[in-house]
1. Pairs needed: first member in segment B:34-48, within 7 Å of DNA strand D (Cβ to nearest atom); second member anywhere, aliphatic (A, V, I, L, M); C-beta distance under 6 Å; at least 6 residues apart or different chains.
2. When only residues in segment A:1-36 that are near DNA strand C (Cβ under 9 Å from one of its atoms), within 13 Å of another protein chain (Cβ to nearest Cβ) and touching a helix residue (DSSP H, G or I) at 6+ places or on another chain (Cβ under 6 Å) count, which is farthest from A:Lys168 (Cα to Cα)?
3. Kindly provide the set of residues from segment A:25-38 that are in a loop (DSSP other than H, G, I, E, B) and either in the same structural domain as A:Thr160 (by TED's automatic domain parsing) or within 22 Å of the chain's Cα centre (by Cα) (or both), ordered by number.
4. Could you list, in sequence order, the residues of segment A:70-103 that are of a type outside the set (S, T, N, Q) and either in contact with a strand residue (DSSP E or B) (Cβ under 8 Å, 6 or more places away or on another chain) or facing chain B (nearest Cβ under 8 Å) (or both)?
5. State all residues of segment B:207-254 that are over 19 Å from the mean Cα position of the chain (by Cα) and charged (D, E, K, R); if no residue qualifies, say none.
6. Let me confirm something: among B:Thr19, B:Thr44, B:Thr4, which residue is exposed (fewer than 15 other Cβ atoms within 10 Å of the Cβ), more than 18 Å from A:Glu122 (Cβ to Cβ) and of a type in the set (Val, Ile, Thr)?
7. Please enumerate the residues belonging to segment A:37-69 that are of a type in the set (A, V, I, L, M), within 14 Å of another protein chain (Cβ to nearest Cβ) and over 25 Å from A:Thr8 (Cα atoms).
8. Could you check segment B:109-125 and list, in sequence order, the residues that are more than 43 Å from the chain's Cα centre (by Cα) and within 19 Å of A:Leu91 (Cα to Cα)?
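The values are calculated or read from the model by the stated rules, or taken from the named source; none is laboratory data. Every value quoted in this text rests on a predicted model; they were computed, and no experiment measured them. Quick reminder, even Gly has a Cβ in these numbers, built from the backbone with ideal geometry, and neighbours come from all protein chains shown.
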2 protein chains.
Amino acid sequence: MKTTERLTVGSLARMAGVTVRTLHHYDEIGLVVPSGRTSAGYRTYGRAEVERLQEVLFFRELGFALDEIRQIVSRPGYSRTIALERQRELLEARTEHLLTLIDAVDRAVRAERTGTTMTNEEMLEVFGDFDPAEYEEEARERWGDSDAYKQSATRTARYTKQDWETIKAENDTIYARFLDLMAAGEAPDGDTAMDVAEEHRAHITKWYYDCSKVIHAGLGQMYVADVRFKENIDKAGEGLAEYMSAAIAANAGR
Amino acid sequence: MKTTERLTVGSLARMAGVTVRTLHHYDEIGLVVPSGRTSAGYRTYGRAEVERLQEVLFFRELGFALDEIRQIVSRPGYSRTIALERQRELLEARTEHLLTLIDAVDRAVRAERTGTTMTNEEMLEVFGDFDPAEYEEEARERWGDSDAYKQSATRTARYTKQDWETIKAENDTIYARFLDLMAAGEAPDGDTAMDVAEEHRAHITKWYYDCSKVIHAGLGQMYVADVRFKENIDKAGEGLAEYMSAAIAANAGR
DNA sequence: CGTACACCCTCACGTAACGTCAGGGTCAAG
DNA sequence: CTTGACCCTGACGTTACGTGAGGGTGTACG
C-alpha cells in the first residue's frame, strides 16, 4: 500500500506508460500539476495527482483532445466518480465500434477470398463513426445547460495554468468559509452564509458562465440530489454539500 | 454496384468520414494517390484507391503512423489479403486491451463507491500497453528477414512521392517483361528470363534492401508457397507468380 | 573526496498529421 | 449570366508531444 508516497516525474511516467515529456507538458498546461517540488526543484506527485492522471489517460484513450479534457475536469461540480462512470460508457461504445471494424475486415477478407465485390460505400462506411465529442455533447445536455457549457468552454479556452490555480484557490477559500460557518453553528439561511453563497455564484459567473440565481439554485439542488456530487464536495468537509445547497437555496430566495 | 465509378475528393472524403485535406495530404505523401485528374485538375479516384484507402484507414485506426503504413503497403510482396488478415488480428488485440481498460474503470468506480483504496500501480498499470509497433515487430520477424526490414525502413524513409511512382513504374515494367516472356513461350530458366529476374533483384536492392541471391530465392519461393502472395502477383497476369518464382530460382542457381 | 550513473531541471527547436484560410477556377442548375 | 457547391494550390497555424542541449542532484562505490 503505497498511497502516501510521493512520486518523482520519472517514476510516475514509468508507472503510467507515458514519457516524462508528457508529464512536463501536462504540468505546463495545468492538466496534471504536481503538488510539490523538492528543494532541488524536482516535481513530486501525490495521490490526488495520480487519480487525476488516471482520469486524464482514460479520456485521452478515448480520443479527447487535452483541451477538452481540461474543460471536463474543471467543470463546477466535476466529480471523479461521475467521470469514471462516463468513461465506462464511452469505453463500451468504443468497444462496440471496434467490433464493427472487425466485422468490416471479415467481410473484406471474405470478398477477397471469394472474388466477390464490395461497393465503395460498404468498404468505407465504418470509418469515422466514433467521435468522442458527439458523446460529450450528449453528456452536456444531460448534466447541464447547453448554453452554460458553451460559455464555459469559450471562457476557459485560453486560461493559463495560473488562472486555473487561482480558480482552485478561490473555490477552496469559499469551501473553507462555508466550513467555518458550519463549525460556528451559523444557520445556512443566515445572512453570512447567504453572502458566501453569493460569492460562490459570482465565482462561477466570473470564471465559467453567467450563473443566475435560478441556475445557481438548480446547481445547489444537484449538489444533494446526486450522491456523486455530494460525495465529491463532502471530501472538503462532512456535510458541506447539504449546507451549501441550503445556503444557495436561501440566497436564491432573497 | 458502383465499383467502376470515379470519385472526386469530396465524395471519397464523405464516404470515408475523413476530410478533403486528409486526402490531399495522403496524395502529397504518396500514400493514396488518385489515378486520374480531370481536365480541370480535379483528382479522381478509382477502385484501387478506394481499396488502398480502406487498408490505410484500418492501420490508422490501430495507431500506426502514416510513414509506417506507407512502408507496410509498399513492401515487396505486399498483398491486400495479408494486410486485412493482419489487421483483423490487431483489431482483436485492441479490443482485448479495451476490455482491460473497462475492467480497470470498474475497479476504480468500485473503489470510489466502497471507500477502498487502490494502489498507484493498480490505477495506472493498464495504460500504455497497446503499442502497434510491437505487433508489427512480430510481423517483421514472421514475414521476412529482420535486417532486410530495417534496411528497407531506413532506405525508404525519405522517398518522395515521385520516388514511389518510379518504384511502381519499374516494378510494373519488370512484371510486363516477365509476362511478355511467358506469352512468347520463353522458358523461365532461359537466359532472358533469368536476366529479368536479376533485374528484379537489382530493383529490390536499389529501392528496399540488399537482396542477395539467397534471399531472392527465398522470396521467390514465398511467391508460390503462400497463396496470398501468389494471388497478389497474379493480378498482373495469370501464372506470373509461378513463372517469376522459377526464373528467380534459376537465376539464383547460375 | 572524487567518480560514475541515473535522475532531475529549463529551454527551445523540430515533427507528424492534419486544420484553416486565401485566392481563384469549374460545373451545373435556374 | 448568376449562384452555390465543388475543386485547385499554396501556406501558415495547431496539437501533443519528441529530441537534444546544457547543467544540477542524489546515491553508491572506490
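1. B:Arg43/B:Val9
2. Applying the filter and picking the extreme gives A:Ala13.
3. As a first pass, look at segment A:25-38 and keep what is in a loop (DSSP other than H, G, I, E, B): A:29-35, A:38.
Result: A:Ile29, A:Gly30, A:Leu31, A:Val32, A:Val33, A:Pro34, A:Ser35.
4. Of the residues in segment A:70-103, the ones of a type outside the set (S, T, N, Q) are A:70, A:72-73, A:75-78, A:80, A:82-86, A:88-94, A:96-99, A:101-103.
The answer is A:Arg80, A:Leu84, A:Glu85, A:Arg88, A:Leu91, A:Glu92, A:Arg94, A:Leu98, A:Leu99, A:Leu101, A:Ile102.
5. Correct list: B:Asp210, B:Lys213, B:Glu238, B:Glu242, B:Arg254.
6. Details: B:Thr44 fails: exposed (fewer than 15 other Cβ atoms within 10 Å of the Cβ); B:Thr4 fails: more than 18 Å from A:Glu122 (Cβ to Cβ).
The unique qualifying residue is B:Thr19.
7. A:Leu62
8. Within segment B:109-125, B:Arg110, B:Ala111, B:Glu112 qualify.
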